[in-house]
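Readers should treat all values here as calculations from the given coordinates under stated rules, not as data from a laboratory. These numbers were taken from a predicted model, which means no experiment stands behind them. All Cβ positions, even for glycine, are placed from backbone atoms using ideal geometry, and neighbour counts span all protein chains on display.
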Amino acid sequence: MKIFTSAQIRSIENAVIEKEGVTSIELVERAASAITWEIMSRWRPSRPMMVFAGPGNNGADALAVARMLADEGYTVTVLLFNVTDRGLSDACRHYRDELTNVPGVSFTEITNDFNPPVITRDAIVIDGLFGSGLKEPLKGGFKSLVDYINSSNATIVSIDMPSGMFGEWNEATLSRDVVHATLTLAIEFPRLSFFIQDNAEFLGEWKVLDIKLASNESRGEQSPYYLLEKKDVKRILRQRPEFCSKADFGSMLLVAGCYGMIGASQMAALGALRSGIGRLTVHGPRCGFIPMQTSVPEAMFHADQHDIVITDISPKHEYDVVALGPGIGTHDYTVRAVENFINMSTNPLVIDADGLNCIAQRPNLLEHVPPMSVITPHAGEFDRLFGPHTSHESRLKTAVEKSAYYSIIILLKGRYTSVVRPDGKIYFIGSGCQALATPGSGDVLTGIVGSFIAQGYTPDLAAAIGAYIHGMAGTLAAENDGTFGVLATDVARNISKAIRDILN
Ligand SMILES: NC(=O)C1=CN([C@@H]2O[C@H](COP(=O)(O)OP(=O)(O)OC[C@H]3O[C@@H](n4cnc5c(N)ncnc54)[C@H](O)[C@@H]3O)[C@@H](O)[C@H]2O)[C@@H](O)CC1
Ligand SMILES: Nc1ncnc2c1ncn2[C@@H]1O[C@H](COP(=O)(O)OP(=O)(O)O)[C@@H](O)[C@H]1O
Ligand SMILES: [K+]
């Protein structure tokens, strides 16, 4: 699913109005019925509804919802804030006029000062102050109003977006100047900001409501941001032909492990094998020989000359891909081995974990990472490589810049993993869940991404579908074991099931 900017959404909306002859009132009506339906499915008419409406079409949505809820027997208190110089939008004025005499609605239009009403604990606050038309961070009276709403203990439902939040970048916004919603009901499209972890506290749970606005208009519109869904992965994944052999599914060298972290080699090896690699060789220190050969007998093991750390990475054969980093530590010998190896590499690599920490000790080394390599940092590894960041948003912006500069793919891990390409395209992946916050789950991902590159997928798609399948495997594992007890090996065990589910 493409993720559009607020400006693009506005132009899609205008195109629908012009080309299809749909009026803006009709659009508000559609949005409001979807929102009302969602509210009614969650809360009974005994819950008092308190509607805060702004001067634009977000306010119009809120006023229309107020009328619909009153029609369904809810008790509704409405406050319309008509305090800006520009007055009300046409749709907002239309719904205001319609609301003034509806039974069950207590309506107040505020044009000047007002005394804030008591918001009881059992109230459902409907936040229709501002949506995608917000021009600058809230200040003055609106800022105080938002603070007041946030300080209530009520349930807050934000229409389209929490008021005060922007659809894209929010670094300038202080969290206290944004409504902290319990539930955000986005109209037709999710926004870029929904996938950035800093905004999770504003959004609460979020859901996109389909109002059949845009299928034709949005199809041709380009966007650099994309939410990867199951149907996309299904389209990208190739079925295995009946007449096939392991030679058709590529070979991978996994450089992983050191004394005390051989588990990382195991997790990454399982990730590669469970996602269909044809041949897997693991290079690690000699101490890894027995554990790897007994716990992952499907993988070959190539021993370094050193007992406990990797000192030399000189592949003896041609491999379709080399994945480097899980559990290798940052011993001087290993840093040097990584440096020598990267300097002589020409094909795309997958670099994770300590592989990245070794590079962080030789920052110039990034210049020599082969183009279209995939690096897979979590936030800590990212900051070690590219300097400290104070927000996820700034990390994402740096990822876009560095991906272009070094011509590499940056897979930045998190609740929503983002796969950033050098041309600025970002795939967001949200298939995972909190069960994945467990040691070794990142190593499993390294194995998966390497395996898909070896199988012939381009590195950007290998990273994107790899992250999707990894997340889904974690979610499937959580269906059995809950979110606390999933092990990285459970994630690996569910990879094949995830792939089967996607293909069926
Ligand atoms: N996207 C769509 O296709 C649809 C959108 N609809 C709704 O329309 C909304 C967008 O409507 P609008 O474009 O009218 O925008 P908004 O309702 O978000 O706000 C616009 C108004 O707020 C004022 N304003 C902006 N920033 C301000 C600030 N910092 N302080 C004080 N006032 C400020 C503007 O001058 C304008 O009067 C969406 O969020 C959604 O709720 C729906 O009604 C129907 C379909
Ligand atoms: N709350 C969460 N929701 C979804 N995915 C998560 C969550 N926490 C972690 N993950 C995923 O789990 C993996 C953890 O990787 P990483 O931090 O490298 O772990 P490790 O170093 O232990 O292997 C990443 O793919 C990340 O996206
Ligand atoms: K809102």
Sequence-distant residues sharing a close amide H with Phe301 (under 5 Å, placed H) = Val282
CD proxy at 222 nm, helix term only [per DSSP H run n ≥ 4: -39500 (n - 2.57); per residue of the chain; nearest 500] = -12000 deg cm²/dmol
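Could you compute the FRET efficiency for Ile290 and Lys230, with r as their C-beta to C-beta distance and R0 at 41 Å, rounded to 0.05?
Details: r = 40 Å, r/R0 = 0.98.
The calculated FRET efficiency here is 0.55.
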request  = Would you please give the residues with an amide H less than 5 Å from that of Trp206, counting only those at least 5 places away or on a separate chain, with H modeled from the backbone geometry?
outcome  = Thr184
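Show me the ranking of peptides 70-77, 205-212, 439-446 by mean Cβ neighbours inside 10 Å, starting with the highest.
Details: 70-77: 17.6, 205-212: 14.2, 439-446: 26.8.
Those peptides, ordered most packed to least, come out 439-446, 70-77, 205-212.
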ask   = Taking the Cα centre of the range 2-222 as the origin, how large is its charge dipole in debye, to the nearest 20, when only Lys and Arg (+1) and Asp and Glu (-1) carry charge on their Cβ atoms?
value = 260
inquiry  = Please list, in order along the range 80-91, the HN-Hα scalar couplings obtained from phi with the Karplus expression 6.51 cos²θ - 1.76 cosθ + 1.60 (θ = phi - 60°), rounded to whole Hz, x for Gly and Pro.
reply    = 9, 9, 9, 10, 8, 4, 7, x, 9, 5, 4, 5
query = By the gyration tensor of its Cα atoms, with a ≥ b ≥ c the square roots of the eigenvalues, what is the shape of the range 426-503: rounded for a/c under 1.5, prolate for a/b over b/c, or oblate?
reply = prolate
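Before anything else, pin down the relative contact order of the chain: Cα pairs under 8 Å, at least 6 apart, normalised by residue count, whole percent. Don't jump to the answer; show the numbers that get you there.
Working: 1089 pairs, mean separation 60.1, N = 504.
Relative contact order for the chain comes out at 12 percent.
Using only alpha carbon pairs under 8 Å that are at least six residues apart, calculate the relative contact order of the range 230-503 and give it in whole percent. Each step should come with its number before you reach the end.
Numbers: 609 pairs, mean separation 56.3, N = 274.
With pairs under 8 Å counted, the relative contact order is 21 percent.
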inquiry  = Which entries of Lys207/Lys413; Lys207/Lys230; Lys234/Lys497; Lys19/Lys230; Lys2/Lys425; Lys2/Lys135 have Cα-Cα distances beyond 20 Å here?
reply    = Lys207/Lys413; Lys19/Lys230; Lys2/Lys135
message = Compute the angle between helix 441-454 and the longest alpha-carbon principal axis of the chain, please, reported from 0 to 90 degrees and rounded to the nearest 10.
response = 70
inquiry  = List the residues, sorted by chain then number, that are 5 or more residues from Thr75 or on another chain and whose placed amide H is less than 5 Å from its amide H.
reply    = Met49
